[in-house]
1. Show log10 I(q)/I(0) for the chain at q = 0.16 Å⁻¹, two decimals, from a solvent-free Debye sum over equal Cα scatterers.
2. Report, by chain and number, residues whose modeled amide H sits under 5 Å from the one on GLY85, excluding near sequence neighbours (fewer than 5 apart, same chain).
3. What is the angle, in °, between the Cα long axis of helix 59-70 and the longest principal axis of the Cα atoms in the chain? Nearest 10 is fine, range 0 to 90.
4. Name the longest site-free stretch of the chain, where the excluded sites are chymotrypsin sites (Phe, Trp or Tyr not before Pro) in a DSSP loop with no more than 15 other beta-carbon atoms within 10 Å.
5. For the chain, which whole percent of the accessible surface, found with a 1.4 angstrom probe, sits on carbon and sulfur atoms?
6. Taking every Cα atom in segment 34-161, find the radius of gyration and the maximum pairwise distance Dmax, and write them in Å.
7. Can you work out the FRET efficiency for the pair GLN178 and THR120, with r the C-beta to C-beta distance and R0 = 45 Å, to the nearest 0.05?
8. Please list, in order along segment 216-229, the HN-Hα scalar couplings obtained from phi with the Karplus expression 6.51 cos²θ - 1.76 cosθ + 1.60 (θ = phi - 60°), rounded to whole Hz, x for Gly and Pro.
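The values are calculated or read from the model by the stated rules, or taken from the named source; none is laboratory data. Because the structure is predicted, anything quoted here is derived from the model rather than measured. Cβ placement follows ideal geometry from the backbone for every residue including glycine, while neighbour counts extend to all protein chains displayed. Each accessible area value is taken on the protein alone, full model and side chains, heavy atoms only, with ligands, DNA and RNA left out. Shrake-Rupley method; radii C 1.70, N 1.55, O 1.52, S 1.80 Å.
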Amino acid sequence: KKRGKLFSDVADEYHNSTLFQTNKKTNQPKRQKTLAKEIAQVATFRSWASDIDLDSFTVGLANKYAEALVNPDSGLIAKRGKTAGKETVDSYISSVRNVLDFARRYDYIQVNPWMQLSLTGYGSAREKKRDWTEDELKQVFQLDMPEQDRLCLAILACTGARLDEIALLEWDQFQTGQTTDGNVIHWLDTTDAIVKNRASRRLIPLLPKVANLIEAHPKGLNEKEPARLFSYPRD
């Protein structure tokens, strides 16, 4: 039997397409973090399934992959004897499903066999997170660390913004103005940044002490991208 088109070839084609790089809901470019995450998740499947072709995709294959994802002995994502979370399993399956949907759009396959999947029972329920205590925060900020890490943590702790929003900040997003009664105020402007969703395009107020830390932060720290505050890689 002649083999169908290889999944790996379709995945590469999809990841180089504007369809993959653009958010379907907002029609805006996806965040670099989102792109890198999905590519990595597809790479995990490719390493598990080897050189598989599109004709080999079945519902049974999806269930076998889900079983491997939650199995700590598989070496895929479950670590330290813990079962992978349900949301994590769904995310890994979804990344592969997106490639198959791209294949369907271009008539490489007639039907996406992973479109209507029931993966109930795979993965543990999401764990409820707790806030850090004041003592834990003090311990963190007393650690010996690079100054840019300390500034990044300070902004995160005092704004509640997402890590990639802060790590990718550019100097022109740091704004200064005055209140109607003449007090100086500072904020971060993400209205033109690549963010998670439309609601994330906002002005983020800064405490005066945090603003002072940003003003004291050296410019040009990122030689390749001098407009940015930090030297963290985009991916």
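1. For the chain at q = 0.16 Å⁻¹, log10 I(q)/I(0) is -1.19.
2. Excluding prolines and chain starts, which carry no amide H, the hits are SER124.
3. Once rounded, the angle reads 40 degrees.
4. 1-105
5. Of all accessible area on the chain, carbon and sulfur atoms account for 50 percent.
6. 19.6, 59
7. It comes to 0.20.
8. Whole-Hz 3J(HN,Hα) from phi for segment 216-229: 7, 6, x, 7, x, 4, 9, 5, 6, 9, x, 6, 8, 6.
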